[in-house]
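What follows draws every value from the coordinates through simple rules; no lab data is involved. This is a predicted model, so every value here is computed, not measured. Backbone-built Cβ (ideal geometry, glycine too); neighbour counts: all protein chains shown.
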Amino acid sequence: MTSPLLEMRNVETYYGPIMAIRGVSLVVDEGEIVTVLGANGAGKTTLLKTATGALDSRKGRVLLDGAEIQNRDPDWVARQGIAHVPEGREVFPFLSVVENLEMGAYNRHDRDAVATDVETVYAYFPVLRELRGKMAAYLSGGQQQMLAIGRGFLARPRLLLLDEPSLGLSPALVEEIFRIITRLNREQGLSILLVEQNANVALRVSQRGYVMEVGGMVMDGDSNHLLASEDIKEFYLGKKEEGIRGRRRWKKRKTWR
């Protein structure tokens, strides 16, 4: 039996004395898109930062291919094959599009292959080819999101972490971005851990999903089952804002297999 690509086991992470995530466990298998849903403040970004080493966990384990990687330097984690596209895109504003893409390959030494991968990004995002000499500061929000995903791809990761890729984008751009995310998974074999508030689009592109509230996991299961769940429909598709935990006071995570 093979190990999951990424596994987090009972992880706790703090900001000073404040516990941000508590007892969090999740699994991403090779070739999967896995979604983590939750409102602002649920702990989704903290979870990704803990996986990459940007934040240290006080308890629990983070494993890549069965080997512990928790509390290691983020640069070391990146070299093991995890790339992170942060919330807000965080492109280098005064570098050109192509320079931003090349920054994603800073750990690589295969320059010819880097050039090939830049062309691959242009094939997925043709507008970036047209804007390749333009400074990133002057791109639209959607173009910056494309650039940030492309920069992550240039690291040639085994696992790509995406933090709120739909944030601030029009519905049409959200659909376009998620079509490309699906293609990267299917055509490039890229495993993806996606955190989102947009439950509808995120669950439609993923195989499995988790739901976070106030730092803990309250639901998980097959994406189709989660989409059909009355709890998801009520609290994550725009009908309620109270949250699953607030209504049902869950004592343990609800799981569908």
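As a length-normalised measure over Cα pairs under 8 Å and 6 or more apart, the relative contact order of the chain settles at 24 percent. Need one number: nm distance between label points at Glu119 and Ser3, each 7 Å from Cα along Cα→Cβ, rounded to one decimal. Once both label points are built, they end up 3.7 nm from each other.
Springs between Cα atoms under 10 Å define the GNM used for the chain, and in it the highest mean-square fluctuation of Pro157, Pro17, Pro165 occurs at Pro17. A straight chain from Asp29 to Glu234 at 0.36 nm per residue would run longer than the Cα-Cα distance by 70.9 nm. Would you please give the FRET efficiency between Asn40 and Arg132, computed as 1/(1 + (r/R0)^6) with r the Cβ-Cβ distance and R0 = 41 Å, to the nearest 0.05? The computed FRET efficiency comes out at 0.75.
Springs between Cα atoms under 10 Å define the GNM used for the chain, and in it the highest mean-square fluctuation of Ser57, Ser140, Ser223 occurs at Ser140.
Legend: calculated FRET efficiency, Gln80 to Leu167, from the Cβ-Cβ distance at R0 = 22 Å, rounded to 0.05, equals 0.20. When both bridge partners sit in the chain, DSSP labels roughly 50% of those beta bridges antiparallel. Could you check which residue among Phe125, Phe94, Phe178 shows the biggest mean-square fluctuation in a GNM of the chain with a 10 Å Cα cutoff? Looking only at Phe125, Phe94, Phe178, the biggest GNM fluctuation is shown by Phe94.
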